[in-house]
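S.K.: After the C-alpha cells below, expect a handful of questions from me.
None of the figures in this text is laboratory data; all of them are computed from the coordinates on show. Given the structure is predicted, the values throughout are model-derived calculations rather than measurements. Neighbour counts run over all protein chains shown; Cβ positions are idealised from the backbone, glycine included.
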Amino acid sequence: MGMHPDFAQPYGEVRAARGGRLLAELNALVEHHRTACEPYARILAAFAGRMPAGALEEIPYLPASIFKKLDLRSVGNGQVVRVLRSSGTASSRPSRIALDKVTADRQSRALAAIVMDFIGPARRPMLLIARPPGRKTGDELVASEVAALGFSRFGRDHRYVLDESGTIDARGVAEFAEKHHESGILLFGFTHPVWEFVQAVSASSGRLDLGADSVLIHGGGWKRMEEHKVSNEVFKKTILERLGIRRVHNYYGMVEQVGSIFMECERGRLHAPAFAAVIVRDPQALTCVPRGELGLLQVMSTIPFSYPGFSVLTDDVGRILGEDDCECGRNGVTFSVEGRAPQAELRGCSDTGLGAAA
C-alpha cells in the first residue's frame, strides 16, 4: 500500500497542509479495509454518508465496543505477528487487535516520534512502575504489557519498581535513585500504580528525590483516580512534592490505536500528532459539536493497516481546546478528556453497524 505517514515532524504541520493529507490517507484506508475486511464492508454498506469523504468529520467510524464483539482483520491470519488484548474486566470481553508487520512498524515509529519530541533522543536510565514482564506464551499480549515494552525503548539500565509478586522493591528503587540522581531518570507507569507508588513513598520515607531533570510519562487509570478524588493538578503537585519531578506528561491512548497516542504538553493540553485527528460528537445526535463544547471523542489515525481501527468513536467525553495555537509551540489539534459518558448515552451509538456485520 502506498501510504507512508511522515513521522519525522509529529507536530510540524499547520492545518492547511495537514488536513488535506490526512483526509486523503484516511479515505485510502476506508477503501483498503472495505476490500480486505468483509464484516467492515457490510458495516460500510449501511453507512449513509458519501464516499470518498469530503471532510474529516465525514470519515466513517466504528464504536470502540465493536472490537469486543467482532474480530476484525484486514490481513490473512498468516500475516498476523501479534494480537493485542485490552486488559478488560471479569464482566467485559477484551478487545482483540491483530497486528501485521506494516502496522507494528508504523506503531513503533509513531510512538518514537511522539515521545522523542517530548524527552529528546537520548536514552535515560529508566524506572518502570510495574512488575517485570511475565513469560510470553504465544503471540497474544495484554495492552498494558505492550505499553511498558514500547516505552522501555526510550530508556536504559531498566529497573522495575515492583517484584513478581507486586511488592515494591524499596531498596532497589533507592539504590537506583542514588545511582542516577544526576542523570535525569525516565519514569513510566499507568496512572493509578504511579499514585500507589507515590503513596507508599509518602508512608515510608516521606520523599524520594529522583532529580530535577527527571521526567514522568503516565497514562490511563483516571477513573480510579476520580474515585480517590485526585485531579490531574493534585497528581502533578504530589509528584513534585514526593519525587521532586516537575516534568510530568499524561497521555491518552487505547489498544484500538496503539502507537498513536496523544501526549499532554507543558501547558496541560493533549496534542494530536500529524498522523492523527480528533473530533467531538454530540452523544445523542452524533453530530460534530463546536469547539469548546463537551461530547464523545472520535479519534482517527493513519496507522492501522491490519484491522479497521483507523476511525473510532470512544466512550470518553472531552472537548477541543484549539488548533495550531498552543503556547508550547507544537502544531495540531489540542483537546482535553473529562471522563466517561454515562452508559445510557452510549446505547444509541455502541451497536452502530453490528447488525450489518453479523
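S.K.: Using θ = phi - 60° and the Karplus form 6.51 cos²θ - 1.76 cosθ + 1.60, what ³J(HN,Hα) does each residue of segment 261-272 get, whole Hz, x for Gly and Pro?
M.R.: 8, 10, 8, 7, 7, 5, 8, x, 9, 7, 10, 7
S.K.: A further question on this structure: 5 Å is the cut-off here: which amide hydrogens, built 1.01 Å from N in the peptide plane, fall below it relative to Glu323, excluding neighbours closer than 5 in sequence?
M.R.: It is Thr334, by chain and number.
S.K.: Would you mind classifying segment 4-146 by shape? Square roots of the alpha carbon gyration tensor eigenvalues, ordered a ≥ b ≥ c; an a/c under 1.5 is rounded, otherwise it is prolate if a/b is larger than b/c and oblate if not.
M.R.: Since a/c reaches 1.5 but b/c is at least a/b, the shape of segment 4-146 is classed as oblate.
S.K.: Residues of segment 255-278 with backbone nitrogen within less than 17 Å of a virtual label 7 Å along the Cα-to-Cβ line of Cys328, please, listed as ranges.
M.R.: Of the residues in segment 255-278, 259-278 have backbone N under 17 Å from the label point off Cys328.
S.K.: Counting only C-alpha contacts under 8 Å and six or more residues apart, can you give the relative contact order of the chain as a whole percent?
M.R.: Relative contact order, the chain: 21 percent.
S.K.: Out of residues 5 or more away from Ser74 or on other chains, whose amide H comes under 5 Å of its own, with H placed 1.01 Å from N in the peptide plane?
M.R.: Tyr307
S.K.: Additional query: Let's see if you can work this out: charge +1 on each Lys and Arg Cβ, -1 on each Asp and Glu Cβ, no other charges. What is the dipole magnitude of segment 25-148 about its Cα centre, in debye to the nearest 20?
M.R.: The calculated dipole for segment 25-148 is roughly 520 debye.
S.K.: For Arg340 and Ala45 in the same chain, what is the full-extension length gain: residue separation times 0.36 nm, less their Cα-Cα distance, in nm?
M.R.: Going from the current span to full extension adds 103.2 nm.
S.K.: Can you list the lysines whose alpha carbon is less than 25 Å from that of Lys229, not counting same-chain residues fewer than 8 positions off?
M.R.: Result set, ordered by chain and number: Lys237.
S.K.: A further question on this structure: Post the alpha-carbon centroid distance, segment 38-79 to segment 110-175, in whole angstrom.
M.R.: Cα centroid to Cα centroid, the span is 33 Å.
S.K.: Quickly work out the Ala53-to-Asp169 label distance, labels modelled 7 Å from Cα along the C-beta direction, and quote it in nm with one decimal.
M.R.: Rounded to a tenth, the inter-label distance reads 4.5 nm.
S.K.: For the chain, take the longest principal axis of its alpha carbons; what is the angle in degrees between that and the long axis of helix 170-180, to the nearest 10 within 0 to 90?
M.R.: It works out to around 90 degrees.
S.K.: In the chain, what percentage of the DSSP-assigned beta bridges are antiparallel, given to the nearest 5?
M.R.: Counting only bridges with both partners in the chain, antiparallel ones make up about 55 percent.
S.K.: Mind ordering 118-128, 43-53, 268-278 by average Cβ neighbours within 10 Å, highest first?
M.R.: By packing density, highest mean first, the sequence is 268-278, 118-128, 43-53.
S.K.: HN-Hα J couplings of segment 112-120 from phi, Karplus 6.51/-1.76/1.60, θ = phi - 60°, integer Hz, Gly and Pro as x?
M.R.: Using θ = phi - 60°, the values come out as 4, 4, 5, 5, 5, 5, 8, 10, x Hz.
S.K.: Give the angle, between 0 and 90 degrees and rounded to the nearest 10, that separates the Cα long axis of helix 143-152 from the longest principal axis of the Cα atoms of the chain.
M.R.: For helix 143-152, the angle is close to 60 degrees.
S.K.: Between rounded, prolate and oblate, where does segment 1-85 land on the alpha carbon gyration tensor, with a ≥ b ≥ c its root eigenvalues, rounded for a/c under 1.5, else prolate if a/b exceeds b/c?
M.R.: Here segment 1-85 falls in the oblate category.
S.K.: Further question: Which angle from 0 to 90°, rounded to the nearest 10, does the C-alpha axis of helix 232-243 make with the longest principal axis of the chain?
M.R.: 30 degrees
S.K.: Additional query: To make sure I understand, if each residue's beta carbon is the centre and we count other beta carbons within 10 Å, what order do Ser214, Ser205, Ser165 fall in, fewest to most?
M.R.: By the 10 Å Cβ count, ascending, the order reads Ser165, Ser205, Ser214.
S.K.: Can you bin segment 54-107 into rounded, prolate or oblate? Criterion: square roots of the alpha carbon gyration tensor eigenvalues sorted a ≥ b ≥ c, rounded for a/c under 1.5, prolate for a/b above b/c, oblate for the rest.
M.R.: Verdict is oblate for segment 54-107.
S.K.: Antiparallel DSSP bridges in segment 200-275: what percent, to the nearest 5?
M.R.: 45 percent
S.K.: Would you work out the charge dipole size for the chain about its Cα centre, treating the Cβ of every Lys and Arg as +1 and the Cβ of every Asp and Glu as -1, and quote it to the nearest 20 debye?
M.R.: Dipole magnitude for the chain comes out near 460 debye.
S.K.: Near Lys179, which lysines are there with a Cα under 22 Å away, not counting those fewer than 8 places off in the same chain?
M.R.: none
S.K.: Going by average Cβ neighbours within 10 Å, how do the peptides 7-20, 148-161 rank, with the highest at the top?
M.R.: Highest-to-lowest ranking by the protection proxy: 148-161, 7-20.
S.K.: Points 7 angstrom from Cα along the Cβ direction at Gln199 and Asn77: gap in nanometres?
M.R.: In this crude label model, Gln199 to Asn77 measures out at 4.4 nm.
S.K.: Can I ask one more? Give the cross-link partners of Lys236 among the lysines, using a straight C-alpha distance below 23 Å as the criterion and excluding same-chain residues fewer than 8 apart.
M.R.: Partners found: Lys223.
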